[in-house]
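The values are calculated or read from the model by the stated rules, or taken from the named source; none is laboratory data. This one's a predicted model, so the numbers in the text were calculated from it and none came from an experiment. Using ideal geometry, Cβ is built from the backbone for each residue, glycine included, and neighbour counts are taken over all protein chains shown. Side chains included, ligands, DNA and RNA excluded: accessible areas come from the protein's heavy atoms. Shrake-Rupley method; radii C 1.70, N 1.55, O 1.52, S 1.80 Å.
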Amino acid sequence: MVVLGIDPGTANTGFGVVARQGARLVALDGGVIETSAGQDPGERLAAIFERVDGLLGKYSPDALAVEDLYFGANARSAFAVGQARGVVILAAGRRRIPCRSYTPQQVKGAVCGSGRAGKAQVQRMVQALLSLPEPPKPDHAADALAVAICHANGAPLRAAMERAA
């Protein structure tokens, strides 16, 4: 199983590609799609779409896992993140790749055991779970890898429950 995890954002969209090899998870790729605040909003979203579409073509994942919005105090940034999230889901939908969404608390709980884990703890746990030589950076890439791990680790249970239903 190969999963593309996404931590959506307009300025920085984190991505992480994780594969299950036997009982282990391994990182195939990870990084950040950056766009400039000075760019036209449509150009920014198109750039995110094109890069995600390229990753989907390159890795042919079985699923795309995307982090849900966190609506802190800034509604304007939440709307922008929602737009980035939308073009990511569109890219997967056009390729008929199933999408799953996870809250930040679900991701942190799946990776760290606590939904209140901090950024540094998430980075260290992603490093340990994927046997990386150092914690993944920047934090957007680490978060995207964590989203992919969350999905990959829950997929066998979901499949068994679907078969039972």
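Looking for whichever is open to solvent by less than 40 Å² (accessible area, probe 1.4 Å) and touching a helix residue (DSSP H, G or I) at 6+ places or on another chain (Cβ under 7 Å) here; the options are Asp143, Asp53, Asp139. Which one fits? Step through it out loud before you land on a result.
Working: Asp53 fails: open to solvent by less than 40 Å² (accessible area, probe 1.4 Å); Asp139 fails: open to solvent by less than 40 Å² (accessible area, probe 1.4 Å).
Just one listed residue meets the conditions, Asp143.
Being closer than 15 Å to Val18 by Cβ and among the polar types (S, T, N, Q) is the filter here; which residues of segment 88-122 pass it?
If the condition is that a residue be closer than 15 Å to Val18 by Cβ and among the polar types (S, T, N, Q), then no residue fits.
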Considering only segment 62-79, I want to know if a residue exists there that is buried (at least 16 other Cβ atoms within 10 Å of the Cβ), among the aromatic types (Phe, Trp, Tyr), under 22 Å from Asp139 (Cα atoms) and touching a residue at least 12 places away in the same chain (Cβ under 8 Å).
no
Any chance you could count how many residues in segment 88-117 are part of a helix (DSSP H, G or I), over 19 Å from Val2 (Cα atoms) and without any contact (Cβ under 8 Å) to a residue 24 or more places away in the chain?
3
Those residues of segment 48-80 that are among the aliphatic types (A, V, I, L, M) and closer than 20 Å to Arg100 by Cβ come to a total of 9
Leu64 fails exactly one of (1) at pLDDT below 95; (2) within 18 Å of Met1 (Cα to Cα), namely (1)
crowded, with 19+ Cβ neighbours inside 10 Å and modelled with pLDDT of 95 or more: does that describe Ala47?
no
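Identify, from the list Arg85, Arg76, the residue that is touching a strand residue (DSSP E or B) at 6+ places or on another chain (Cβ under 9 Å) and part of a helix (DSSP H, G or I). So that I can check it myself, show each step before the final result.
On the way: Arg76 fails: touching a strand residue (DSSP E or B) at 6+ places or on another chain (Cβ under 9 Å).
Residue meeting the stated conditions: Arg85.
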Is there a residue being in a strand (DSSP E or B) and either buried (at least 16 other Cβ atoms within 10 Å of the Cβ) or not aliphatic (A, V, I, L, M) (or both) anywhere in segment 118-136?
no
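Give segment 93-117 a look and list any residue that's open to solvent by 80 Å² or more (accessible area, probe 1.4 Å) and out of contact with any His (no Cβ under 7 Å at 6 or more places or on another chain), or say none.
Start the filter on segment 93-117 by keeping residues that are open to solvent by 80 Å² or more (accessible area, probe 1.4 Å), which leaves 94-96, 100, 105-106, 116.
Across segment 93-117, the qualifying residues are Arg94, Arg95, Arg96, Gln105, Gln106, Arg116.
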